[in-house]
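Contents: one structure, followed by commentary.
The values are calculated or read from the model by the stated rules, or taken from the named source; none is laboratory data. The structure presented is a predicted model; accordingly, all values stated were derived computationally and were not measured. Note that we place each Cβ from the backbone using ideal geometry, even for glycine, and neighbour counts take in every protein chain shown.
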Amino acid sequence: MQTKTIAKIKKMFTNNELTKQDIESLREDGRKGVQNLLRIYDRKKKHQLELKNQFNKMWTFENTLSEEGFQFIAGVDEAGRGPLAGPVVAAAVILPRNFNLIGVTDSKQLSEEKRNYYFQKITEEAQSYAIASVSNERIDEVNIYQATIEAMRQAVMKLTIQPDFTLLDAIEIEELPMQTKSLIKGDERSVSIAAASILAKVSRDRTMREIAYRYPEYGFEKHVGYGTKYHLQQLKAYGLTPYHRKSFSPVRKLLLS
């Protein structure tokens, strides 16, 4: 390996062309550039190991339930409880036991690129998944908490496979016809809930981009309805759209002013 240029070695690292023996040989290479490449490689390997360990740990609830005899375990999560506009969206998903997508976690911790990639993989590999949406009008009628429960319940009931156990992210739903468990920060502790959080987040973001085409002056494609400074400025300048939640304080104050 000593005869190879640093640029060539870098390319081999990038293309994953180096064997374990090659890498061990490079550790004896005194060139500073090679040692820098090895430090980058070691950091990436450590990060990958951490992600793998985290992913394996996130199977704990599903594995325990499977050992207890439950066959179809659904994870359920929502997106959009906090925004001033748009629907609240929920997703339910049943993953196969061999599902292996290291890096899946709470959608808020992922880049948009990774969320979209994971969305595709989850929808391709899931045994069953469903997405449900509750409108801003309904949110104003019943409040955001009840609307969230409605969306989550609808998502579960739309699954083509009836789950025999459902894991919920930080919310209780008594009306579901199966056993359930609510997990605080479930999207960081359960693979199934994390997968549902990604489906819900991506689906809602896409809906908000569709709304942005109709109302381009509000910038919905950027803030997806959250009460950013820009959103509040545009709301004051242009008034409400049919998608704003009138029961939410900043919007309600504008109506009363």
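Within the range 145-170, the set of residues being surrounded by fewer than 19 Cβ atoms within 10 Å (Cβ to Cβ) and hydrophobic (A, V, I, L, M, F, W, C) comprises Met157, Ile161, Ala170. If the condition is being touching a residue at least 60 places away in the same chain (Cβ under 8 Å) and on the phi > 0 side of the Ramachandran plot, then the range 100-147 contributes only Asn143. Residues being of a type in the set (A, V, I, L, M, F, W, C) and either at positive phi or within 27 Å of the chain's Cα centre (by Cα) (or both) are entirely absent from the range 234-247.
Among the conditions (1) touching a residue at least 24 places away in the same chain (Cβ under 8 Å); (2) in a helix (DSSP H, G or I); (3) more than 14 Å from Ala91 (Cα to Cα), Leu199 misses just one, which is (3).
Yes/no matrix, rows are residues, columns are (1) within 30 Å of Gly225 (Cα to Cα); (2) free of Cβ contacts under 8 Å to residues at least 40 places away in the same chain; (3) in the same structural domain as Thr180 (by TED's automatic domain parsing); (4) out of contact with any His (no Cβ under 6 Å at 6 or more places or on another chain):
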site: Lys11; (1), (2), (3), (4): no, yes, no, yes
site: Asn15; (1), (2), (3), (4): no, yes, no, yes
site: Leu37; (1), (2), (3), (4): no, yes, no, yes
site: Ser66; (1), (2), (3), (4): no, yes, yes, yes
site: Asp77; (1), (2), (3), (4): yes, no, yes, yes
site: Ile94; (1), (2), (3), (4): yes, no, yes, yes
site: Asn98; (1), (2), (3), (4): no, yes, yes, yes
